[in-house]
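Here is the structure we will look at, set down as structure tokens.
The values are calculated or read from the model by the stated rules, or taken from the named source; none is laboratory data. The structure displayed is predicted, hence computed values, not measured ones. Counting neighbours? That spans all protein chains shown, and the Cβs are built from the backbone with ideal geometry, glycine included. For accessibility, only protein heavy atoms count, side chains too; no ligands or nucleic acids. Shrake-Rupley method; radii C 1.70, N 1.55, O 1.52, S 1.80 Å.
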Amino acid sequence: MIFTITVDGPAAAGKGTISRALAARFGLAHLDTGLLYRAVGAKAAEGMDPVAAAEGLTAADLARDDLRSLAAGQAASRVAVLPEVRRALVEFQRRFARREGGAVLDGRDIGTVICPEAEVKLFVTASPEVRAHRRWLEVGGDAAQVLAEVRERDERDMNRAAAPLRPAADAIIIDTSGLEIAEAIARAAEPVARRIG
Ligand code: CDP
């Protein structure tokens, strides 16, 4: 079975939680594509050329334990504006999306650029304040700074020329601002269950 679910949306909207839950419920493989950009960003922050980093990315690069920080998120969104970096990561993501057995991919451009032919496309969002609060619960620190970083990253992701963050025309929008996790997962699972039959 070839079956792809794309989950796009802004920072800390709940894409990861929803994607992992869908993968577990429907027995699909899951790829957090943000991790690819975070790993490239981390190498670029260490002085490596970002395009070379993207072209030579290894499994060990993705297993680093410093990729979830706010700084890594910022570094990711800075290298994510580079068309050559994005191009170097396309083929791996496309192959993952259309692998036998089905896949869920979460990111920014999965439904629009990586896999426009996906069977189910979701766009998961929430207000900046709600998203910043969730991220602050994960990383701690100064709440106002976390909100500022979320806004800055949204701004860069939505306004870049290469594969900007936006919902695909046929994406189902799920606003998780006022939703419990279980409710958000239930809404996301509904179109999948309908499509899989
Ligand atoms: O977890 P969170 O939503 O905060 O971020 P992420 O999904 O790990 O993505 C980190 C950054 O990588 C984003 O802010 C984007 O700039 C970039 N990214 C992208 O451009 N395209 C993707 N498919 C995934 C991430």
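A compact table of results
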read-out: Whole-percent carbon and sulfur share, accessible surface of segment 65-172, 1.4 Å; value: 56
read-out: Per residue accessible area of segment 57-197, 1.4 Å probe, in Å²; value: 51
read-out: Debye, to nearest 20: dipole size of segment 1-114, +1 on Lys, Arg Cβ, -1 on Asp, Glu Cβ; value: 320
read-out: Of the GluC sites (Glu not before Pro) in segment 128-182, those whose Cβ has at most 13 other Cβ within 10 Å and which sit in DSSP loop; value: Glu180
read-out: Prolate/oblate/rounded call for segment 1-60, Cα gyration tensor, a/c under 1.5 rounded; value: prolate
read-out: Projected area, mean over directions - segment 41-197, Cα convex hull, nm²; value: 10.3
read-out: Difference of contour (0.36 nm per residue) and Cα-Cα distance, Ala59 to Ile2; value: 18.1 nm
read-out: Residue-averaged [θ]222 nm for the chain, counting only DSSP H segments that reach four residues, each worth -39500 (n - 2.57); value: -16000 deg cm²/dmol
